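*Asks:* Here it is, the structure in full.
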Amino acid sequence: ARTAEVDVWRTEDRVMLQITDDGRGGADTSAGSGLAGLSERIDAVDGILVVNSPAGGPTTVTAELPWR
C-alpha cells in the first residue's frame, strides 16, 4: 500500500477503529497471518474485528472494542 487512513470514534459504550489502505487486497484472518492473532485478542475482550479485503484492494480493517 502507498497510503492508509485511520479513523477512530466512540459511540456510547464502544470505540471503533477503521484502517483503510490502497494496497492490493487479499488480507485474510483465517490464513494464519498477524490478523488472526489480532482477531483472537480483540475477541478476548468482547470486541469484533472485520476485514474487508477483496483481491485488487482496497483493504479495510474495522475493530470494535468495549469502552470501559
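None of the figures in this text is laboratory data; all of them are computed from the coordinates on show. Bear in mind that the values here come from a model prediction, so they are computed numbers and not experimental data. All Cβ positions, even for glycine, are placed from backbone atoms using ideal geometry, and neighbour counts span all protein chains on display.
*Asks:* For Glu64 and Glu5, what does the FRET efficiency come to when R0 = 22 Å and r is the distance between their Cβ atoms, rounded to the nearest 0.05? Don't jump to the answer; show the numbers that get you there.
*Replies:* Numbers: r = 18 Å, r/R0 = 0.80.
Computed FRET efficiency for Glu64 and Glu5: 0.80.
*Asks:* Hey, another quick one. With runs of 4+ DSSP H residues as the only contributors, calculate the mean residue ellipticity of the chain at 222 nm using -39,500 (n - 2.57) per run, divided by the residue total and rounded to the nearest 500. Display every interim value, and only then the final one.
*Replies:* Numbers: 1 runs with 11 residues, N = 68.
About -5000 deg cm²/dmol.
*Asks:* Shifting gears a bit: Taking just the alpha-carbon atoms of the chain, what radius of gyration and Dmax come out, in angstrom?
*Replies:* Reported Rg and Dmax, both Å: 12.4, 37.
*Asks:* Of the trypsin sites (Lys or Arg not before Pro) in the range 11-56, which ones lie in a loop per DSSP and count no more than 15 other C-beta atoms within 10 Å? Before the final figure, lay out the partial values.
*Replies:* Values: sites: Arg14, Arg24, Arg41; in loops: Arg24.
Those that pass, being in a loop and sparsely packed, are Arg24.
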